[in-house]
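Here the structure is laid out as structure tokens; the discussion comes afterwards.
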Amino acid sequence: MSHQPGGTLPPPFTVHQVPFSWDVATGPPGSWRNPSRAFFAYAGGKAYNRVSADTKNEPPRLPYELADVDDDGYPDGLTAGLAIEQLRALAKREQPFLLAVGFFKPHLPFNAPKKYWGLYERGTIPAAPWPKLPRNLATRLPLHDSYEPTRHYDWPDDKGHISEQQGRALKRGYWAAVSYVDAQIGKLLDEYRRLGLEKNTIVVLWADHGWHPGDDGIWGKNTNYEWALRSPLMIRVPGMPRPGEAAPGIAETIDVYPTLADLCGLEGAPDDLPGTSLAPLVANPSHPGKPGARSAVLRGTILSSTLRTDRYRVVEGSKHNTKNQMLVELYDHQSDPLETANIAEEKPEVVARLLAQLHGDTPQSCFGRPSCRK
């Protein structure tokens, strides 16, 4: 929707980041004064992130907090309240509407009301099942040093070093933040049902990425591995034949727009989008989806690209804007769902086939669109 908090550019937070796309783009900053500070909010109107221009001069703070406040004690509670107000107003109008609600959590800092931390006892937080690098890595280039929690905040240990005890505290905060935002989404859905919108209104819940909670020795996002790339995607359509059933087929975030255009029957929607409609998966959760999902991360001068199929993940690293391959990895999700071992040398024929698919310019799936290239 917009990468800037509130959808506006700082300062003065009145210019839309994506002009001509929304009638209204806003975010309730509350006591945090502006959307940028609200993004890195701590209780009581405080905010901190070492690399944020709005907060870097504030007193240093840990990357998590549990304050004895109600849901509105952090910005996502205010966002839920504003969204409910908007939903009530839109429900009174006769024309169709699109309401996009962007919650901050569970983004760092992992700050949530104390009651959500209380859902997870400190002694029950499990350690990462694979807290070390994948085996057979030729280089650490695709990875990073957990820079967000240890460099962007006041970290009690060396930068990039997170002990098992510290990791459990981070994971508890992450879980608390997830439960906090889950409660806000629940409030919005309760109002959606109360207003009778479930009869004719589509709901899509999605997140922009996942997070390594210590797995692969990493705390953070921004990698080309399953922990960082697998993200929630839920679609609810009135009258769908098999509601609540998971669809294991492969999908990508870029599929959300063409899916909504398809399900809403929009006339004039472009048919040359990079994404494809997921309507067949909504109708039939057993549909295989597309044959692969692509992602890429640029770190310095190294471009790391990946393709995830139903069984494999292939990762390739090269100098940006060149074909100088510097690394290649292969993971078999059938036997190794945690991506603990690079087996590229064992299966060169699989690597070659998947790299050809990764670099191919044919759309990953057309789902029968007549204008789609074959």
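Numbers for the structure displayed
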quantity: Test: residue in the range 22-40 that is in contact (Cβ under 8 Å) with a residue 60 or more places away in the chain and of a type in the set (Gly, Ala, Ser); calculated: yes
quantity: Residue in the range 143-152 that is on the phi < 0 side of the Ramachandran plot, touching a Leu at 6+ places or on another chain (Cβ under 7 Å) and hydroxyl-bearing (Ser, Thr, Tyr) present; calculated: no
quantity: Residue among Ala293, Ala283 that alone is at pLDDT 95 or above and closer than 21 Å to Ala207 by Cβ; calculated: Ala293
quantity: Yes/no for Lys159 being closer than 21 Å to Pro60 by Cα, touching a helix residue (DSSP H, G or I) at 6+ places or on another chain (Cβ under 7 Å) and without any contact (Cβ under 8 Å) to a residue 24 or more places away in the chain; calculated: yes
quantity: Subset tally (residues that are of a type in the set (Phe, Trp, Tyr) and assigned to a helix (DSSP H, G or I)) for the range 145-188; calculated: 4
quantity: Residue within the range 89-97 that is under 22 Å from the mean Cα position of the chain (by Cα), touching a residue at least 12 places away in the same chain (Cβ under 8 Å) and part of a loop (DSSP other than H, G, I, E, B) present; calculated: no
quantity: Count of residues meeting criterion [crowded, with 19+ Cβ neighbours inside 10 Å and in contact (Cβ under 8 Å) with a residue 60 or more places away in the chain] in the range 162-171; calculated: 1
quantity: Condition broken by Arg299, with the remaining ones in (1) in contact (Cβ under 8 Å) with a residue 60 or more places away in the chain; (2) of a type in the set (Lys, Arg); (3) under 30 Å from Arg236 (Cα atoms) satisfied; calculated: (3)
quantity: Flag if Ser36 is of a type outside the set (A, V, I, L, M, F, W, C), at negative phi and either modelled with pLDDT of 95 or more or out of contact with any Phe, Trp or Tyr (no Cβ under 9 Å at 6 or more places or on another chain) (or both); calculated: no
quantity: For Pro363: the one exception among (1) touching a Pro at 6+ places or on another chain (Cβ under 9 Å); (2) modelled with pLDDT of 85 or more; calculated: (2)
quantity: Subset of the range 226-244 (residues that are under 15 Å from Leu263 (Cα atoms) and either in contact (Cβ under 8 Å) with a residue 24 or more places away in the chain or touching a Lys or Arg at 6+ places or on another chain (Cβ under 8 Å) (or both)); calculated: Met234, Ile235, Arg236, Val237, Pro238, Met240, Pro241
quantity: Top-ranked residue of the range 51-76 - restricted to ones that are of a type in the set (D, E, K, R) and at pLDDT 95 or above, ranked as surrounded by the most Cβ atoms within 10 Å (Cβ to Cβ); calculated: Asp76
quantity: The range 325-336 - residue that is touching an Asp or Glu at 6+ places or on another chain (Cβ under 8 Å) and farther than 17 Å from Leu133 by Cβ and, of those, surrounded by the most Cβ atoms within 10 Å (Cβ to Cβ); calculated: His333
quantity: Odd one out for Lys115 among (1) buried (at least 16 other Cβ atoms within 10 Å of the Cβ); (2) under 24 Å from the mean Cα position of the chain (by Cα); calculated: (2)
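Let's see how each residue does on (1) touching a residue at least 40 places away in the same chain (Cβ under 8 Å); (2) of a type outside the set (S, T, N, Q):
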position	(1), (2)
Ala293	yes, yes
Leu303	no, yes
Arg308	yes, yes
Gly317	yes, yes
Asn321	no, no
Gln325	no, no
Asn342	yes, no
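The values are calculated or read from the model by the stated rules, or taken from the named source; none is laboratory data. Being a predicted model, the structure only gives us computed values, none of them experimental. Note: ideal-geometry Cβ built from the backbone for every residue, glycine included; neighbour counts use all protein chains shown.
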